[in-house]
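FYI, it's all coordinate maths here, none of it is from the lab. These numbers come from a predicted model, not from an experiment. No Cβ is skipped: glycine too gets one built from the backbone with ideal geometry, and neighbour counts run over all protein chains shown.
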Amino acid sequence: MSKQKTIKAPFSVIGIGLHTGEKVTLTVNPADENHGFKFQRIDVEGKPIINADPDLVIDTSRSTTLEKNGVRVHTTEHILAALSGLEIDNALIQINAPEIPIMDGSAYPFVEAIKQVGIIEQNADKDYFVVTENLTYEDTERHTEMLLVPQDEFRLTVMVDYNSPLLGTQHAHMYHTGEFETEISKCRTFVFLRELEVLAKNGLIKGGDLDNAIVMVDKVLPQEKLDEIADLLGKPHIKIEEAGILNNLTLHYQNEPARHKLLDIIGDLALIGKPIKGHILAARPGHKGNVEFAKMIKNEIKKLRKKGPKIDLTKDPVYDINDIEKLLPHRYPFLLIDKIMEVSENHIVGVKNITQNEPQFMGHFPGNPVMPGVLQVEAMAQCGGIMVLKNLPDPENYMTYFIKIDKVKFKRKVIPGDTIVFHLELLSPIRRGIVHMGGKGYVNGNVCLEAELMAQIVKEKDTLKVTEAVQ
């Protein structure tokens, strides 16, 4: 299982906001496990924090803007692309102005700064969104289509068509994230000369310059119109006599515009908060479509979380009943876990098959057998105990004892013939043998039980001390 990552040390860069034109210092700081990406406006009273979240996006006009409680962060896509493209999971991004600096119009200056300070692996596992079914987004007005299909790693394919003789149709691919730094991160933002007037009149590209954007001239404009655009932008007048790239700038790649669109997708989808295992195919993408697709994926993740882990119960388990008996001291009729399907340092998925011949059903209740809620909690606790005991060299010498049970809810009755799938996660690191877990039990994808559990793991010789302490 891949581990989460953050940067080794803070770094800062100074630049200009492309659309606001304001000078800004950006500082990226290391962050704890499961922190995700967060922005902080240190120039605003209270230094508010804005999560990288597609639901906080309020504008996608040529860039992605987040807002929370009236505080905005503009042009988030390039720094998020740099972090996500280098497989970083956790960072606090501080700025002293409303907009992330545009730098050279690509993600590469951020990539360089990250590489200079270094990347470190953290203890927690990465929390992937693993695509199991196709997910489709379409915007008929903008002719945008996006498709996410199952794949065992993150992959991106982009097609763009600008209806322009200068660019025509372009394709770009990223077959795995390892290609991001060398093949994608240097690709710069671009704009058509004919678009500049509208952008300027709408209060955008105030910080635009030939050093931070590729200006495509697919149609030669009258000199009068060129002068008018230059005045709007506060730039000197220039003459353009033929189509091409303004200032004779050399492209890094023939399909650099398409590759930059791919970069934008990576940055915008970083708002989801999880790395993706899947293949995205995008036709004519833009920030609006990217963000809407991110919202769709986020909602799909919420639905899957409610349904519980998608487990193929026909596959061989990680631990069968014989393995479980080597880890837990419990025996029939009080061994309540039948198999373990997934387990890591901070999560576990276990299975309990409910059968009519279990002794509790003789009295609970005759003619209407129902699995007692307290036994469901006990089964969940045993599942959590396996997650901890598996890492001990001599688990047979340890016992687990409840210290606290909290926030217990029973959502539906469980009867013989049902199969409960338990999913538990550590809520905090294990300290001094104290384990704090949160979990849910699912029957047919629906929650039947949820609870927070706290237990202590002790050697048999210390059992009496723990019992006295609990009493």
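Results, tabulated for the structure shown:
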quantity	calculated
Helix-derived mean residue ellipticity, 222 nm - over the chain, DSSP H n ≥ 4, -39500 (n - 2.57), to 500	-6500 deg cm²/dmol
At most 16 other Cβ within 10 Å, DSSP loop - trypsin sites (Lys or Arg not before Pro), the range 301-355	LYS310, LYS315, ARG331
All aspartates and glutamates inside 14 Å of LYS261 as judged from Cα atoms, apart from same-chain residues fewer than 8 positions distant	GLU77, GLU145, ASP161, GLU183
Taking the chain and dividing mean pair separation by its residue count, relative contact order in percent (alpha carbons under 8 Å, at least six apart)	14 percent
Cα→Cβ-extended label distance, 7 Å offset, between ILE430 and HIS173, nm	4.5 nm
Student exercise, the range 321-470 dipole from Lys, Arg, Asp, Glu Cβ charges, in Debye to nearest 20	320 debye
Dipole of the range 333-446, positive end: most advanced residue of ILE354, LEU392, VAL443 [Cβ charges, Cα centre]	VAL443
At most 16 other Cβ within 10 Å, DSSP loop - chymotrypsin sites (Phe, Trp or Tyr not before Pro), the range 102-189	TYR128, TYR175
Average Cα contact separation per residue, the range 321-470, under 8 Å, 6 or more apart, as relative contact order %	25 percent
Separation of the LYS3 and ASP320 label points, Cα + 7 Å toward Cβ, nm	3.3 nm
Check: the chain dipole with +1 on Lys, Arg Cβ and -1 on Asp, Glu Cβ, in debye	1280 debye
Gain upon complete extension [TYR128, GLU396; 0.36 nm per residue less C-alpha separation]	93.2 nm
Karplus-derived HN-Hα couplings along the range 365-371 (A = 6.51, B = -1.76, C = 1.60, θ = phi - 60°), whole Hz, x at Gly and Pro	10, x, x, 8, x, 9, 5
Span from the the range 109-164 Cα centroid across to the the range 352-402 one, whole angstrom	41 Å
Spatially close lysines, pair count over the range 28-180: Cα under 18 Å, gap of eight or more or interchain	4
Computed FRET value (nearest 0.05) for ILE120 with ASP218, which takes r as the C-beta separation and R₀ as 51 Å	0.65
